[in-house]
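**Q** To start, I am sharing the structure in question, which I have written as structure tokens.
The values are calculated or read from the model by the stated rules, or taken from the named source; none is laboratory data. Predicted model, so just to flag it, every value in this text is computed and none were measured. Cβ atoms come from the backbone with ideal geometry, glycine included; neighbour counts cover every protein chain shown. SASA here: full protein model, heavy atoms, side chains in, ligands and nucleic acids out. Shrake-Rupley method; radii C 1.70, N 1.55, O 1.52, S 1.80 Å.
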Amino acid sequence: MAGYGLIRVGEHWNKSLRHLGAEVYLDLVSRVGEVKINKVYVSSLFAAESSHQYLFAPLLADHLGLEHVPATRVEAGDASGGIAVHEAFLSIKSGMFDSVLVIGAEKMTEHVASISTESRAKLLDSKYESPHGLTLAGTYALMMREYMDKYSVPREAFGMFSVEMHKNAVNNPYAQLRFPITLEKYFESPTTADPLKLYDCAPISDGAAALLLTSLDYGKEISDSLVEIKASSAATDNFSIIDRDSILELKSTSKALEEALSEAKVKRRNIDVLEIHDSFTIAAFLSLESLGFSQKGKTHELVLNNYFSKDSDLPVNPGGGLKARGHPMGATGVYQLVESYMQLTGEAGHFQVPDPKNILVQNMGGTGSITAVHILSRIE
Amino acid sequence: MRKRWLLVASAPQVWRESKQRYKLIGFECENCKRPFFVERVICPNCKSRKIREIRLGAEGTVESFTVIFNPPKKFEYHSPYIIGLIKLKKGVKVIGQIVDCLPQEVKVGLEVEVSFRIVSKDEDTGLIMYGYKFRPKIY
């Protein structure tokens, strides 16, 4: 990873999807200069629905002035960003390309909330889940009820996780929800899909992020701040939750993690920061368990003991996570990786974690149908 | 009003899927005997291609449930509504709405039975999708 471009996650009423993409490209160019780009991957989930645009990748390449450069859109639900970087990583590893640009861009605020809810419901099985009125939040609500019921988890553990994420986001200039919340405020928030409350859920967001991946040689030519992708893996699971033996196990995440650890030749204890897919607080709990950083049904004990807070030995989502940085679906994975790059190069400013060496990034699509896992390391 | 083409129901799709929705038909692998509800051409367990239809019965229990307060556009009329993850007698799980009761009456482990209902209506085409919902078991 040789450079990045970012825009603050938020409600960008005055900016179109292409405008967001172009803005982060210009931000990237302001850091690394006009570099060679062999290929562009664009991760955008709702380009066709929110912006009525197929072929968004070639459109964006044209707007960026990247004449004749091949450009492809990657759609993997809200794991699109992580999967796009995975594909970019493979294309560099293949030896074909020296320099690949990934741009994640998403507009979720073009339509009223019920339409955005309907769009997100398309991340579920269109024959067995969404036709019954099930939503993405509703599916995580089913998981949360079963989890709370099975392990007798106190409700405030989920609240504390949300409080923690908001606290972290205050210091992240790119975060959407830069305000602290209290447990009281959490409990007072309206129910979206029982038992999920509003403050269990990531917000509706617009956003874009750019990341430049290069071979080591070309990277050294153009940048002084390089981060190594030690592992890039992806895995899938039974698509519908009705086909899973347990809805509390995210097997795409555990499988991708297993492969990433063996590819990177690192152990869990070598990981200094976790960047996880907390689209809902229950998603965070299940992710931490499926990644093997807490035991099944025990995450609440760790959360209530501040085990994952920013000043702990294992900070989770120091930039506020999906919960408070915001969750511009297709762009989210790129945000996660860019923020981790900033942590490893010491550019994270007020949300900097002291001296991290290895960061693990998990980006999940839908209800865990697909997961991308990256392990990033500082180049000494 | 201009039709939002992305959201309009498809008549062929509703027709194609009606048999399973009307009769709660499931599937079983002839080789390993694994039952499942999601129609497939390859057994998810042993990868056999020999799959036959089975009846799943009309009774089950609530494994988990949620009450939807932020519905998709198409379901705003029903909101708030209850959705259950139902485990049927054969051991397979299905998603369906739970009706004829209040949210506070639903508990994990509640016994339910199938009820044939209108599942959704499409505003633009007038297309009605019928199918299974679940209600507390009537003795």
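**Q** Could you please find all residues in segment A:1-12 being small (G, A, S) and either under 20 Å from A:A84 (Cβ atoms) or open to solvent by 30 Å² or more (accessible area, probe 1.4 Å) (or both)?
**A** Residues satisfying the conditions are A:A2, A:G3, A:G5.
Every residue, every condition in (1) more than 21 Å from A:Y140 (Cα to Cα); (2) within 14 Å of chain A (Cβ to nearest Cβ); (3) part of a strand (DSSP E or B), yes or no:
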{"position": "B:R49", "(1), (2), (3)": "yes, no, no"}
{"position": "B:E53", "(1), (2), (3)": "yes, no, yes"}
{"position": "B:T61", "(1), (2), (3)": "no, yes, yes"}
{"position": "B:K107", "(1), (2), (3)": "no, yes, no"}
{"position": "B:S115", "(1), (2), (3)": "yes, yes, yes"}
{"position": "B:E123", "(1), (2), (3)": "yes, yes, no"}
{"position": "B:G126", "(1), (2), (3)": "yes, no, no"}
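**Q** Quick one: how many residues across segment A:33-57 are away from chain B (no Cβ under 14 Å) and aliphatic (A, V, I, L, M)? Walk me through it before giving the result.
**A** The first filter runs over segment A:33-57 and keeps only residues away from chain B (no Cβ under 14 Å), leaving A:33-44, A:55-57.
Still in the list and also aliphatic (A, V, I, L, M): A:35, A:37, A:40, A:42, A:55, A:57.
Looking only at that region, the number is 6.
**Q** Would you call A:G159 small (G, A, S), within 30 Å of B:R40 (Cα to Cα) and buried (at least 23 other Cβ atoms within 10 Å of the Cβ)? Steps first, answer last, please.
**A** Values: small (G, A, S): yes; within 30 Å of B:R40 (Cα to Cα): no; buried (at least 23 other Cβ atoms within 10 Å of the Cβ): yes.
In short, no.
**Q** Taking segment A:198-217 on its own, how many of its residues are surrounded by fewer than 22 Cβ atoms within 10 Å (Cβ to Cβ) and among the charged types (D, E, K, R)?
**A** Final tally of qualifying residues: 1.
**Q** Across segment A:241-262, which residue is nearest to the other protein chains (Cβ to nearest Cβ) among those that are buried (at least 21 other Cβ atoms within 10 Å of the Cβ) and closer than 24 Å to B:E28 by Cα?
**A** First, the residues of segment A:241-262 that are buried (at least 21 other Cβ atoms within 10 Å of the Cβ): A:241-242, A:247, A:250, A:252-253, A:256-257, A:260-261.
Now restrict to residues that are closer than 24 Å to B:E28 by Cα: A:241-242, A:247.
Values: A:I241: 7, A:I242: 4, A:I247: 7 Å.
Result: A:I242.
**Q** Pairs please, first residue from segment B:31-46 and within 13 Å of chain A (Cβ to nearest Cβ), second anywhere and among the polar types (S, T, N, Q) and open to solvent by 70 Å² or more (accessible area, probe 1.4 Å), Cβ atoms under 7 Å, 6+ apart in sequence or on different chains.
**A** B:R34/B:N45; B:C43/B:N31
**Q** Still on this structure: A:K220: within 30 Å of A:A2 (Cβ to Cβ), surrounded by fewer than 22 Cβ atoms within 10 Å (Cβ to Cβ), basic (K, R) and more than 22 Å from the chain's Cα centre (by Cα), yes or no?
**A** Spelling it out, A:K220 is indeed within 30 Å of A:A2 (Cβ to Cβ), surrounded by fewer than 22 Cβ atoms within 10 Å (Cβ to Cβ), basic (K, R) and more than 22 Å from the chain's Cα centre (by Cα).
**Q** If you don't mind, another one. Under the condition of being open to solvent by less than 20 Å² (accessible area, probe 1.4 Å) and aromatic (F, W, Y), which residue from segment B:68-83 is modelled with the lowest pLDDT? Spell out the reasoning first.
**A** Step one: filter segment B:68-83 for residues open to solvent by less than 20 Å² (accessible area, probe 1.4 Å), giving B:68, B:71-72, B:75, B:81-83.
Retained after the next criterion (residues that are aromatic (F, W, Y)): B:75, B:81.
Numbers: B:F75: 91, B:Y81: 98.
Among them, the one singled out is B:F75.
**Q** Can you give me the ranges of the helices (runs of 4 or more DSSP H) entirely in segment A:297-366 with at least 2 residues that are more than 22 Å from A:A231 (Cα to Cα)?
**A** Working: elements: A:299-304, A:321-325, A:329-344.
Answer list for segment A:297-366: A:299-304, A:321-325.
**Q** Please work out which residue is nearest to the other protein chains (Cβ to nearest Cβ), limiting yourself to segment A:84-107 and to residues that are open to solvent by less than 20 Å² (accessible area, probe 1.4 Å), touching a Lys or Arg at 6+ places or on another chain (Cβ under 9 Å) and of a type outside the set (G, A, S).
**A** A:K107
**Q** Need pairs with beta-carbon distance below 7 Å; first residue in contact (Cβ under 8 Å) with a residue 60 or more places away in the chain and within segment A:47-71, second surrounded by 18 or more Cβ atoms within 10 Å (Cβ to Cβ) and of a type in the set (S, T, Y); sequence gap 6+ or separate chains.
**A** Correct list of pairs: A:E49/A:S119.
**Q** Among residues belonging to segment A:13-46 that are among the basic types (K, R) and in a loop (DSSP other than H, G, I, E, B), point out the one that is surrounded by the most Cβ atoms within 10 Å (Cβ to Cβ). Spell out how you get there, then give the answer.
**A** Within segment A:13-46, the subset among the basic types (K, R) is A:15, A:18, A:31, A:36, A:39.
Now drop any that are not in a loop (DSSP other than H, G, I, E, B), which leaves A:15, A:36.
Numbers: A:K15: 17, A:K36: 12.
So, considering only residues that are among the basic types (K, R) and in a loop (DSSP other than H, G, I, E, B), the one surrounded by the most Cβ atoms within 10 Å (Cβ to Cβ) is A:K15.
**Q** Considering only segment A:183-190, I want to know if a residue exists there that is at the interface with chain B (Cβ under 10 Å from one of its Cβ atoms) and either at negative phi or buried (at least 17 other Cβ atoms within 10 Å of the Cβ) (or both). Steps first, answer last, please.
**A** If we filter segment A:183-190 for residues that are at the interface with chain B (Cβ under 10 Å from one of its Cβ atoms), which is where we start, we get A:190.
Then keep just the ones that are either at negative phi or buried (at least 17 other Cβ atoms within 10 Å of the Cβ) (or both); that gives A:190.
The answer is yes; a qualifying residue exists.
**Q** How many of the residues in segment A:178-209 are more than 30 Å from B:L85 (Cα to Cα) and touching a strand residue (DSSP E or B) at 6+ places or on another chain (Cβ under 9 Å)?
**A** Looking only at that region, the number is 4.
**Q** Moving on to the next point. Within segment A:334-346, does at least one residue satisfy the condition of being out of contact with any strand residue (DSSP E or B) (no Cβ under 6 Å at 6 or more places or on another chain), open to solvent by 10 Å² or more (accessible area, probe 1.4 Å) and not hydrophobic (A, V, I, L, M, F, W, C)?
**A** yes
**Q** Another question about this same structure. Working carefully through the options A:L134, A:L142, find the one that is within 14 Å of chain B (Cβ to nearest Cβ) and either in a loop (DSSP other than H, G, I, E, B) or acidic (D, E) (or both).
**A** A:L134
**Q** On to the next question. Might you let me know whether segment A:317-325 holds any residue that is out of contact with any helix residue (DSSP H, G or I) (no Cβ under 7 Å at 6 or more places or on another chain) and over 17 Å from A:P154 (Cα atoms)?
**A** Residues of segment A:317-325 out of contact with any helix residue (DSSP H, G or I) (no Cβ under 7 Å at 6 or more places or on another chain): none.
Within segment A:317-325, not a single residue is out of contact with any helix residue (DSSP H, G or I) (no Cβ under 7 Å at 6 or more places or on another chain) and over 17 Å from A:P154 (Cα atoms).
**Q** Restricting the search to segment A:123-152, which residues are free of Cβ contacts under 8 Å to residues at least 24 places away in the same chain, in contact with a helix residue (DSSP H, G or I) (Cβ under 7 Å, 6 or more places away or on another chain) and polar (S, T, N, Q)?
**A** Correct list: A:S130 only.
**Q** Being open to solvent by 10 Å² or more (accessible area, probe 1.4 Å) and not polar (S, T, N, Q) is the filter here; which residues of segment A:162-180 pass it?
**A** A:V163, A:E164, A:K167, A:V170, A:P173, A:Y174, A:L177, A:R178, A:F179, A:P180
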